[in-house]
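Read-outs throughout are calculated quantities, based only on the coordinates presented, and are distinct from any laboratory measurement. This one's a predicted model, so the numbers in the text were calculated from it and none came from an experiment. Methodologically, a virtual Cβ is constructed for each residue, glycine included, from the backbone with ideal geometry; neighbour enumeration extends over all protein chains shown.
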Amino acid sequence: MIESTLDMSCRIGPVTFKNPLIMASGTFGFGKEYGNLYDLSKLGGISGKGITLHPRPGNPGIRVYETPSGMLNSVGLENPGIASFLADECAFWEKLDTVRIVNLGGGTVQDYVQGAGMIDADSRIRERDGRKAVDMIELNISCPNVKAGGMAYGIKTSVAREVVREVRAATSLPLMVKLSPNAEDIADMAQMCEEEGAEAVSLINTLSGMKIDVRRRRSVFENLYAGLSGPAVKPIALRMVHQVCKRVHIPVVGMGGISSSEDMIEFIMAGAQAVQVGTYNFVNWHAGAELAEGVERFMIAEGIRSLDEIRGIL
Ligand SMILES: Cc1cc2nc3c(=O)[nH]c(=O)nc-3n(C[C@H](O)[C@H](O)[C@H](O)COP(=O)(O)O)c2cc1C
């Protein structure tokens, strides 16, 4: 912290973040490893590794591939399942002095609903001094819909609406819906989330991409396509965040390729309430300890006292 009079805080529904820097799902585990490198209480929040009702082994074959200014991943949501998360990880999580967001995936609407219900119930049991063990659910609608040939829920607004509506009814925890840039119309999708009672939307998840191994004459990935992230996607993410901020009245959390404090500020100027940082954690393990301080330095240099002075200023 550089100067205590600066207001770096931001709000989503009833939840206050001490600063706008949230670590993105799938790139930060549940924070344990990074907690050995720096103090996790410096973070505004952590979105944990994506979890699903049932354990998932993830995809076979090559899972990550570096691209110019980015990476492709085909991890396939490998995770131990919600029961194991609640039994093994939550005890570490509930002690963290930062906002704790569970990233929830699913293969059927029923999976999503049951998963949200379990997280909700467990977090009530663990409630201490009025604070639940989980502060928020981030609903990942980029997962393949097993009953619709594997097309992701987040592509068509009508399909995604059912998931958002059912999960909204299954939990009283604040709900942030994570949007796919592969959606037919991302602003429509965001508006639907607002209509269905979500407290916030976050965007973007990875863009569908491909890499061909020319000697083997086949895709590098067993699943053919993979998710592109990192600086290569940042201009697209920023444009989408700007479009969504123009459409909805709920807070928008921006992400996609952020790798500097200046990138963070761009997203806030586009209208984002907060931001998430994913792929850059693999490049700079100390990103979480450094980026928010860079925003503070910018605020001091520019005479800005509160992020509200620049949010959506464009
Ligand atoms: C290896 C890897 C795993 C990811 N796993 C998840 C996940 O489980 N759930 C999710 O919502 N997003 C997941 N994402 C997407 C990121 O959270 C983020 O939306 C995306 O990578 C764009 O941000 P970035 O360019 O800062 O990484 C994953 C990304 C990567 C690179």
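Counting other Cβ atoms within 10 Å, keep those with at most 14, restrict to DSSP loop, and tell me which trypsin sites (Lys or Arg not before Pro) in region 235-309 are left.
Of the trypsin sites (Lys or Arg not before Pro), the ones in loops of region 235-309 whose Cβ has at most 14 other Cβ atoms within 10 Å are Arg305.
So, in Å, what gap is there between the alpha-carbon centers of region 255-273 and region 224-240?
Here the answer is 14 Å between Cα centres.
Can you tell which of Ile186, Ala198, Trp93 lies farthest toward the positive end of the dipole of region 10-309, using +1 and -1 charges on the Cβ of basic and acidic side chains (Lys, Arg; Asp, Glu)?
Ile186
Can you give me the relative contact order of region 10-309 as a percent, contacts being Cα pairs under 8 Å and 6 or more apart? Provide the component values of the computation, followed by the final result.
Details: 653 pairs, mean separation 56.2, N = 300.
The value is 19 percent.
Could you work out the Rg to Rh ratio of region 78-133, with Rh taken as the Kirkwood radius (inverse of the mean 1/r over all Cα pairs)?
0.97
Ignoring everything except DSSP H segments at least 4 long, calculate the 222 nm mean residue ellipticity for the chain; use -39,500 (n - 2.57) per segment, divide by total residues, nearest 500.
Taking each H run of at least 4 residues, the total per residue is -8500 deg cm²/dmol.
Can you list residues from other chains, or at least 5 along the same chain, whose modelled amide H is less than 5 Å from the amide H of Leu139?
Distant-sequence amide H within range of Leu139: Leu104, Met176, Val177, Lys178.
Starting from the Cα of Lys42, draw a straight line to each of the lysines and keep only those under 21 Å, dropping any in the same chain fewer than 8 residues away.
Correct list for Lys42: Lys18, Lys32, Lys95, Lys132.
Among Gly29, Phe221, Ser41, whose Cα sits farthest toward the positive end of the charge dipole of the chain (+1 at Cβ of Lys/Arg, -1 at Cβ of Asp/Glu, about the Cα centre)?
Result: Phe221.
In region 75-132, which GluC sites (Glu not before Pro) fall in coil by DSSP and have 13 or fewer other Cβ atoms within 10 Å?
Qualifying residues, ordered by number: Glu127.
Jot down the per residue volume, in cubic angstrom and as a whole number, of the convex hull over the alpha-carbon atoms of the chain. Working shown, then result.
Details: hull volume 39.6 nm³, N = 314.
In the chain, the Cα convex hull volume per residue is 126 Å³.
In debye, nearest 20: dipole of the chain around its Cα centre with unit charges on the Cβ of K, R (+) and D, E (-)?
840
Report, by chain and number, residues whose modeled amide H sits under 5 Å from the one on Met255, excluding near sequence neighbours (fewer than 5 apart, same chain).
HN-HN under 5 Å from Met255: Leu203, Ile204, Gln276.
Under a cut-off of 25 Å between alpha-carbon atoms, report the lysines in cross-link reach of Lys156, not counting same-chain residues fewer than 8 places apart.
Counting by Cα, and skipping residues close in sequence, Lys156 has these lysines nearby: Lys49, Lys147, Lys178, Lys234, Lys246.
How big is the antiparallel share of DSSP beta bridges in region 10-309, given as a percent to the nearest 5?
Among the beta bridges of region 10-309, antiparallel pairing accounts for roughly 40 percent.
Region 152-218: percent of C-alpha pairs farther apart than 16 Å?
Here the tail beyond 16 Å accounts for 49 percent of pairs.
Using only Cα positions of region 162-314, each an equal point scatterer, no hydration layer, compute I(q)/I(0) via Debye at q = 0.09, 0.10, 0.16 Å⁻¹ and quote the log10 values to two decimals.
Relative scattering, expressed as log10 I(q)/I(0), comes to -0.34, -0.42, -0.93.
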